[in-house]
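The values are calculated or read from the model by the stated rules, or taken from the named source; none is laboratory data. Worth saying up front: this structure is predicted, and the values here are computed from it rather than measured. Reconstructed Cβ throughout: ideal geometry from the backbone, glycine too, with neighbour counts over all protein chains shown. In case anyone asks, the SASA skips ligands and DNA or RNA and just uses the protein heavy atoms, side chains included. Shrake-Rupley method; radii C 1.70, N 1.55, O 1.52, S 1.80 Å.
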Amino acid sequence: MRRFTSVFLSFLLFLVLLSHVSSRPPAVPARRSIVGETCKQIARDDPNVDFTFCSRSLRSVHGSDGADLRGLAMISLKLAVANATGAGSRAKALLKGGGLSRYYKSCLAACGDVYADAVSDLRDAAGMIRSGRLVDARVHLSAAVDAPVVCEDGFRDGGLASPMTEEDGDLMQLAVIALAITVRLG
Ligand SMILES: *[C@@H]1O[C@H](CO)[C@@H](O)[C@H](O)[C@H]1NC(C)=O
């Protein structure tokens with residue numbers, strides 16, 4: 001009798017577990033990552049953005065995969081500000097080098113100016129996103145996207161190799177990512 005009871009109870013337990021398992025939503029697709037999904041869309045829509053760069057950059061910030069889209073916009077802005085600031089310091093350091101032509105120096109100085117403008121545009125955009133002024137934020141983000149282009153154009157127009165190509169490429173991508181996420185916010 002005892003034995004029967006325990007077999008019966010095991011069977012009941014089995015049924016309970018079975019119903020529990022089968023009533024759960026299918027767990028087949030892994031939890032989708034907001035960073036992965038967002039970067040996939042942005043890279044698909046804009047040839048300037050590389051998927052790997054996008055996901056690596058956003059994931060370098062702790063908590064990005066638990067963030068919502070707005071949080072992700074803030075993260076991309078923070079990264080872009082850091083990039084524009086770093087690019088500005090580099091342009092300033094290069095300007096101190098000797099043997100530079102007047103034209104080359106004027107290019108570096110112009111890059112420094114557009115990076116400084118980009119930093120304030122990016123900061124303004126962050127404040128505007130916080131207060132829900134998304135259209136205004138987009139205007140400032142578009143200006144930030146242009147900054148690295150302006151810097152590169154100076155050197156190109158003079159037939160010179162830009163020393164800022166890598167910085168400009170990174171900054172461009174981060175600004176495009178911030179703009180694309182902001183567009184998705186509404
Ligand atoms: C610019 O951003 C990229 C990607 O997040 C990063 O790898 C790089 O170190 C940043 N550069 C600066 C100067 O912050």
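In order along the range 111-123, phi translates into HN-Hα couplings of 4, x, 5, 5, 5, 4, 4, 4, 4, 6, 4, 5, 5 Hz, rounded to whole numbers, per the Karplus curve 6.51 cos²θ - 1.76 cosθ + 1.60 with θ = phi - 60° and x for Gly and Pro.
Think of each Lys and Arg Cβ as +1 and each Asp and Glu Cβ as -1; about the Cα centre, that makes the dipole of the range 34-185 roughly 360 debye.
Considering only protein heavy atoms and a 1.4 Å probe, what is the carbon-and-sulfur percentage of the accessible area of the range 34-185? Carbon with sulfur: 54 percent of the solvent-accessible area. Ignoring aspartates and glutamates fewer than eight residues from K105 along the same chain, the ones with Cα atoms less than 15 angstrom from its Cα are D113, E152, D153, D157.
Annotation: extensible slack from S89 through R133 equals 12.8 nm (criterion: 0.36 nm per residue apart, minus Cα-Cα distance). Kindly list the residues of the range 144-186 that lie in the label zone of D68, defined by a backbone N under 15 Å from the point 7 Å along the Cα-to-C-beta vector. Once the point is set 7 Å along Cα→Cβ of D68, 182, 184-186 turn out to lie under 15 Å by backbone N, inside the range 144-186. Using equal-weight Cα scatterers in the Debye expression, the normalised intensity of the range 34-185 in log10 at q = 0.08, 0.12, 0.20 Å⁻¹ is -0.22, -0.49, -1.14.
Length available on full extension from D45 to V183: 0.36 nm per residue minus the Cα-Cα distance, which gives 48.5 nm.
Approximating the spin labels as points 7 Å out from Cα along Cα→Cβ, the S142-to-K78 distance works out to 2.8 nm. Rounded to the nearest 0.05, the FRET efficiency derived from the C-beta distance between S60 and Y103 at R0 = 41 Å is 0.65. Accessible surface area normalised per residue over the range 92-186 is 49 Å², counting heavy atoms of protein chains with a 1.4 Å rolling probe.
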